[in-house]
Amino acid sequence: MVPSKRGLVTILRDTNAPSVDYDRHLRKLGFTSQVEQDISTFHKTLTTRLAQAAIVEVSSDSSKRVDAIKSLRERHCHVPCIVIASEGSEDLAVSALRAGANDYLKAPLHVEDLDASLDRLVPPGNERDKQSMIGGHNSTQAVRRYLDRAAATSSTVLITGETGTGKELAARYIHDHSHRRVSAFVSVNCAAMPETLLESELFGYERGAFTGADGARDGKWKQADGGTLFLDEIGEMSPSAQAKILRVLDNREVCRLGGSKSQRVDVRVVAATNQPIEKLVEERKFRSDLYFRLNVARLHLPPLRERRSDIPLLVNHYVQEMNLKFRRKIMGFDSEAMDKLERYDWPGNIRELKNLVEAAFIELPDDCLDLAELPKAIAERIASMRDMPAEEREQLLGVLHKTDWNVSQAAAELQLSRMTLYRKMAKYQIVRSPRRNIALQ
């Protein structure tokens, strides 16, 4: 089956590099490709044809190609860039990273490495998919696969996870990939709504139902008819509100406040909580019958500290987003700052990371973000972190030998991004042993 179109990949060809048939393989992945050999034409293609990604080949004259990456980042800050080096070194990987590259591969090229890189940087699907489901960590991919399976059904979904892990984004992903995507997605924050308003907001009201009710109004449940209703922080609901929710789930009917006639509704419910809901049930703070109604398809979103290799991808995404918002051309964080960010525990998870990037932009940096641009509170917490242990070099070597110097596998086992592992290899002067590779066909 031919994959759906995923856009254009623009390739800056190096005539000194071995010839690679990118076009045939990119077509298999759903991309079209445009090969350029001149840097100015390369930039013109990126501007006129709205490329989804760029590939820059690097051979002997690496300095000019690194400069090309810098100018790409300055002119087209939103375009992901993959460097493929035929005569690379760890120093070149670090230079490419600092210039603004998103990934670094070495030739002869493994098909799987290119596939994985493009899947991380340009995930299949629409623009919202890329915003909500960023990451290549195993747990992130498992979440994405489960969301796809849940979206194909009409089952009620219960999402758990710490604050800031993206529960509403996961709910939107389910809606956008379901047959209900043509209808409304309606979100209700149960924790932020006073109990006195919850019933009227959820079920609507008739004119005169209470003081100030000057006309009839549909509630959130009716507004979501045919679509999806997202009940965020459902663990904060009062017992009486829980009983009303249970009744609608049972009979699929709502009655406006002050009314006498029920209305049928066809709504898929996705609920979320950051609390240990089973414990709430045991303590009789949450109705067990409602819990069993909601707990059909169950998804737990892992905290960011458990998928640290996703941090550089998320940082890069939010840097690009803030460049558009603030009309800047910031290349990203420098290597020292990125190392610190990957070691930070992120108690506020993805929401905290996004806010940190935005706060750094407010300092109006020139071209690259560093530790000085970080908010004071986070900078102090980062400064208090202990340095990495002295035996880190031996740890890296051990994992690299274990994986037969497969940088992707080693990075996954160490829970680092591949670029971070390259930086550490350069720091400790670790040189990869030569091994036989299978060239891209």
Filter region 424-441 down to the residues that are crowded, with 19+ Cβ neighbours inside 10 Å and modelled with pLDDT of 75 or more, then identify the one that is nearest to R307 (Cα to Cα).
K424
Apart from one, (1) assigned to a loop (DSSP other than H, G, I, E, B); (2) at pLDDT below 75 all hold for I134; the odd one out is (2)
Can you tell which of L324, L414, L397 is touching a helix residue (DSSP H, G or I) at 6+ places or on another chain (Cβ under 6 Å) and modelled with pLDDT of 80 or more?
L414
Within region 217-252, count every residue that is surrounded by 15 or more Cβ atoms within 10 Å (Cβ to Cβ) and assigned to a loop (DSSP other than H, G, I, E, B).
6
For R207, state whether it is modelled with pLDDT under 90, more than 17 Å from N189 (Cα to Cα) and crowded, with 17+ Cβ neighbours inside 10 Å.
no
Inside region 132-152, can you point out the residues that are small (G, A, S) and closer than 16 Å to V296 by Cα?
A150, A151, A152
Looking at (1) under 25 Å from V296 (Cα atoms); (2) more than 37 Å from the chain's Cα centre (by Cα), which one does P239 not meet, given that it meets all the others?
(2)
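Find the helices (runs of 4 or more DSSP H) located wholly in region 1-108 whose residues include 1 or more that are at pLDDT 80 or above and not small (G, A, S), and list them.
22-28, 39-49, 62-75
The values are calculated or read from the model by the stated rules, or taken from the named source; none is laboratory data. Note that the coordinates shown come from a computational prediction; the quantities given were computed from them, not determined experimentally. As a convention, Cβ positions derive from the backbone with ideal geometry for all residues, glycine included, and neighbour counts pool all protein chains shown.
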